[in-house]
1. So how far apart, in nm, are the two label points at residue 31 and residue 55 if each is 7 Å from Cα heading toward Cβ?
2. From the backbone phi of segment 56-69, what are the Karplus-calculated ³J(HN,Hα) couplings (6.51 cos²θ - 1.76 cosθ + 1.60, θ = phi - 60°) in whole Hz, Gly and Pro given as x?
3. Mind checking the full-extension length gain between residue 46 and residue 76? Use 0.36 nm per residue of separation minus the Cα-Cα distance, one decimal, nm.
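Just so you know, all these numbers are worked out from the coordinates, no wet-lab data involved. Quick caveat: nothing in here was measured; it's all calculated off a predicted structure. Cβ atoms come from the backbone with ideal geometry, glycine included; neighbour counts cover every protein chain shown.
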Amino acid sequence: MAIHHLASGEIANLHLLGGEALRNQSTALFKTTQLEVIRLVARGASNREIARDLRISEATVKTHLLKIFDKLGVADRTSAVTTAMQRGLIELPGRD
């Protein structure tokens with residue numbers, strides 16, 4: 001895609017194209033439910049609220065969070081949200 005833009009004389013923002021590729025690759029590592037869990041965590045939802053909203057058990061929420069922490073290389077909810085935002089996996093609450 002970037003080569004096509006360069007060849008046609010358009011200015012390609014390689015940084016943005018690289019960021020899109022990174023976001024797509026990162027998103028592929030996560031199950032849909034895991035992405036939804038981290039989005040709800042970013043909005044300040046408790047495990048109980050997440051379980052209710054997604055119609056899963058609190059134990060399942062905790063399992064998803066542990067897998068999310070592992071995939072992101074973090075140890076807590078705040079770091080998970082910050083890292084997920086930095087990688088483009090989620091947007092600021094209220095914007096997605």
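1. Rounded to a tenth, the inter-label distance reads 1.6 nm.
2. Per residue, the Karplus-derived 3J(HN,Hα) values read 10, 7, 4, 4, 5, 4, 4, 5, 4, 4, 4, 5, 4, 4 Hz.
3. Working: separation 30, 0.36 × 30 = 10.80 nm, distance 1.34 nm.
Gain on stretching residue 46 to residue 76: 9.5 nm.
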